[in-house]
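Participant: Handing you a structure now.
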Amino acid sequence: MTELFAFETYLEKINNILNKIKNEQKENILKASEVMANCIENGGIVHLFGSGHSVLPVLDAFPRYGSFLGFNPLTDPRLMWFSPTGPASAPGLLLIERKEGYVVDGFLRYQPIGKGDVLIVYSHGGINAAPVEAAIYGKKIGATVIAILSMENQTFAKPTHSTGKKLSDIADIVIDNCVPPEDAVVPLEGRSEKIAASSTIAAIAVTMCLVAETGTILNEKGKDLKIFVSPNVAGFGVNYNIKIFDEHQKMICNHQKKIQKE
């Protein structure tokens, strides 16, 4: 048998992860999609939250060609890194996302998350303060919390939050990204560490599965979806998407007013 190149090993590992998601997470993906579709149909919003590298699927969910109005990415620059060790650094982020109290009092309490909404929380590990407290806050508000994480990681990881809870203990629906705890998947001869991470691809794949299923459900119900379309598609220019940005801003403002009245 011919030995695989490292990139072939990586693609094989990724393919195995995606197949596991397809075969083992179908029920959870369909359940989550139904909840999300019902939320959007009833005038609610599907919010998405992550910190560190888990912000990447949040950014990819919306605004994105092929996505549609009804999603709201919750991104805090202090929970993202913009340089390895300079300003807005990765070490600084690691300190903040583990600090209890920050994510709610410093960020989420000012966001338009209301009763009946959906809050998707991304976290490979599911034990840091940021995802745990985001999920607790979502439940307190009355939102349905969906967690996308590594269940294998949750099985072995010990809680670090003062509540003694992990993200999977809090969420209403858990979707396993089917990625091993170490995230990296390509072994190196003579070393115990592996290289080439896999959780971002898995999380984005799950996200696009949810976008596809949710959008299909809404379309079948007759919902007039406001879909972001690439200007490369005939008949759709930049101005088409600008109008969707305007609709998004209007949606957020109206939702915030509704929450304040409740």
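The values are calculated or read from the model by the stated rules, or taken from the named source; none is laboratory data. What you see is a predicted model; the values in this text were computed from it and never measured. Note that each Cβ is placed from the backbone with ideal geometry, even for glycine, and that neighbours are counted across all protein chains shown.
Participant: Taking only segment 168-180 into account, find how many residues are surrounded by fewer than 19 Cβ atoms within 10 Å (Cβ to Cβ) and either at pLDDT below 95 or within 18 Å of ASN15 (Cβ to Cβ) (or both).
Facilitator: 1
Participant: Something else now. Could you name every one of the helices (runs of 4 or more DSSP H) located completely within segment 42-137 that has at least 1 residues being more than 30 Å from GLU247 (Cβ to Cβ) and either within 14 Å of the chain's Cα centre (by Cα) or among the aromatic types (Phe, Trp, Tyr) (or both)?
Facilitator: Filter on segment 42-137 gives 102-105.
Participant: Does any residue of segment 24-33 turn out to be in a loop (DSSP other than H, G, I, E, B), surrounded by fewer than 21 Cβ atoms within 10 Å (Cβ to Cβ) and out of contact with any helix residue (DSSP H, G or I) (no Cβ under 8 Å at 6 or more places or on another chain)?
Facilitator: Among the residues of segment 24-33, not one is in a loop (DSSP other than H, G, I, E, B), surrounded by fewer than 21 Cβ atoms within 10 Å (Cβ to Cβ) and out of contact with any helix residue (DSSP H, G or I) (no Cβ under 8 Å at 6 or more places or on another chain), which makes the answer no.
Participant: When you go through SER67, SER89 one by one, which is the residue that is within 27 Å of ILE127 (Cβ to Cβ) and either polar (S, T, N, Q) or at pLDDT below 95 (or both)?
Facilitator: Of SER67, SER89, the one residue that is within 27 Å of ILE127 (Cβ to Cβ) and either polar (S, T, N, Q) or at pLDDT below 95 (or both) is SER89.
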